[in-house]
1. Could you pull out every one of the lysines with an alpha carbon less than 29 Å from that of residue 6, ignoring same-chain neighbours closer than 8 positions?
2. Suppose R0 equals 35 Å; then what is the FRET efficiency for residue 123 and residue 421 from their Cβ-Cβ distance, rounded to the nearest 0.05?
3. Quote to one decimal, in nm, the extra length available between residue 407 and residue 245 on full extension: 0.36 nm per residue of separation minus the C-alpha distance between them.
4. Show me the helices of the chain, taken as full DSSP H stretches, that run 15 Å or more along their long axis by Cα and average 0.5 or above in Kyte-Doolittle hydropathy.
5. Rounded to whole Å and sorted largest first, what semi-axes of the equivalent ellipsoid does the C-alpha gyration tensor of the stretch 319-442 yield via the square root of 5 times each eigenvalue?
6. Ranked from highest to lowest mean number of other Cβ atoms within 10 Å per residue, what is the order of the peptides 236-244, 371-379?
7. Using helices alone, what [θ] at 222 nm do you get for the chain, with -39,500 (n - 2.57) per DSSP H run of 4 or more residues, divided over all residues and rounded to the nearest 500?
8. Taking N as the number of residues in the chain, what is its alpha-carbon radius of gyration divided by 2.2 N^0.38 Å?
Amino acid sequence: MSERFKNLIDGKWVDSVSGASFERRNPANGELVATYTKSDARDVDAAVAAAAKAFKSWRLYPAPKRGELLFDAARILNDRKEQFAREMTEEMGKVISEARGDVQEAIDMTFYMAGEGRRLYGQTTPSELPNKFNMSVRKPIGVAGIITPWNFPMAIPSWKMTPALVAGNTIVFKPASFTPRMAVRWVEVLQEAGIPDGVVNLVIGGGEDVGNAIVEHPDVALISFTGSTRTGVGLASRAAALNKRVALEMGGKNAVIVLDDANLDLAVDGILWSAFGTSGQRCTAASRVIAQRGIQQELVERLVARAGGMRLGDGLDESVQIGPIVSKGQLQTISGYIEIGKQEGARLATGGGVATEGALGKGFFHEPTIFDNVGRSMRIANEEIFGPVTSIVPVDTLDEAIDIANSVEYGLSASIFTQDINNAYRAMRDIFTGILYVNAGTTGAEIHLPFGGTKATGNGHREAGTATLDFYTEWQSVYVDFSGKLQRAQIDNQ
Ligand code: ADP
């Protein structure tokens, strides 16, 4: 018997007003994972009302105390790491070691943001006038709408919700419809840690119904979104008309540059991990490999040999390296791009097919795929595929490699493999992505540095690190005049 999960509104687990439900099945084998209540704008109304009410007291609860609740939440998460990882693998397919990493990222972020409860630093600064004191403080904003994707079902909600909470905001959270069970688990942990009723509300349902209602609700002050560029840009334009604060984390077309002087063993490991980890369903996935011609052939041969030996299957099997694709629709999108690549004239070096042998036929599996001799203007070298597919783009020089790395519409992550420090520093200076790796793949962000991208990847905000606090707080400059008389800045201090 699979469980049926509900919304959390004002501290109570409740059915949606409509009473409707939807199912989620395991993408590795089609088995039922759970059933969920299906919400609409009426449930969002109730959640926002609860969050707006809770904001009145939560913002006044001392920040170090808010942080202590998050410390407790991090400890509970840590205790349940294995259970949550297994449930995550069943729900969205990533292999169990990566699912453990996803939960670990949430643990790390929750501990880190808990510590911010005793910092949340502002500035104190001299005044230009005598007997006057100046400072700036971070203020919470109000109700935050949190809209998340399915590929990091525990890490991404934690990145958004822990800074929102420690800063004193309250939350209406809508997870992706493929991964609501992880959202329920995360919210259960927060509730068990003692976050008061109404501070965190969970509304489960579709983007059109629930997501739109959150974006358009007049009492939701800020929206943090991670997902596709199309959805994010549409959402941001509606929110802009309502003058809301919006943070967007969207697509990527991340490049690994491999120069002739690279350590090829390392480059091969880095590329395989970044291109095929999470079956390529990461916004930081390495979907382009820009290879200098001196090593191109050997690099491709080594990648092909290793990719062909990677084990596909149910991610709960510890020996499996590539789990399923999240859904049939996404699998079809990947197949569509394989056809596009062939028609564009790229050479299919390995893979290219849906994998159906034996038990794989019960799920949505795709072979790890490498296209060689890909031209920089081909669609497969420019569009996000979100699958285990990478394209080798040959170049003659570092300048050409950097130019191609920068030429796509996105700007999330990039990496360079080189043994020459001068080349590394040129790449660091001249590549305009939000994240850059030297002698590592394009994935592997640590939670205490800013995460996000340039151009069509985002809208200028960053998650993680202390940078994220700039999104979840508003600055207030406070001037305290203890001179006992009217002192006019810029006028009385000549
Ligand atoms: P993904 O491919 O990661 O699912 P989407 O952009 O489709 O990317 O979805 C990301 C999140 O945005 C999901 O939680 C989804 O339900 C939600 N969403 C989809 N459409 C809308 C919309 N029109 N308004 C608000 N949220 C939406």
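1. Of all the lysines, those that pass the test against residue 6 - Cα under 29 Å, at least 8 places apart if same chain - are 38, 53, 56, 65, 81, 94, 160, 174, 244, 328, 362.
2. 0.45
3. 55.4 nm
4. 155-166, 264-276
5. Details: eigenvalues 180, 54, 33 Å².
Over the Cα atoms of the stretch 319-442, the semi-axes work out to 30, 16, 13 Å.
6. 371-379, 236-244
7. Dividing the helical sum by the residues of the chain leaves -11500 deg cm²/dmol.
8. Details: Rg = 24.1 Å, N = 494, 2.2 N^0.38 = 23.2 Å.
That works out to 1.04 for the chain.
The values are calculated or read from the model by the stated rules, or taken from the named source; none is laboratory data. Bear in mind the structure is a predicted one, so any value in this text is a computation, not a measurement. As a convention, Cβ positions derive from the backbone with ideal geometry for all residues, glycine included, and neighbour counts pool all protein chains shown. The accessibility values were calculated without ligands, DNA or RNA, using every heavy atom of the protein model including side chains. Shrake-Rupley method; radii C 1.70, N 1.55, O 1.52, S 1.80 Å.
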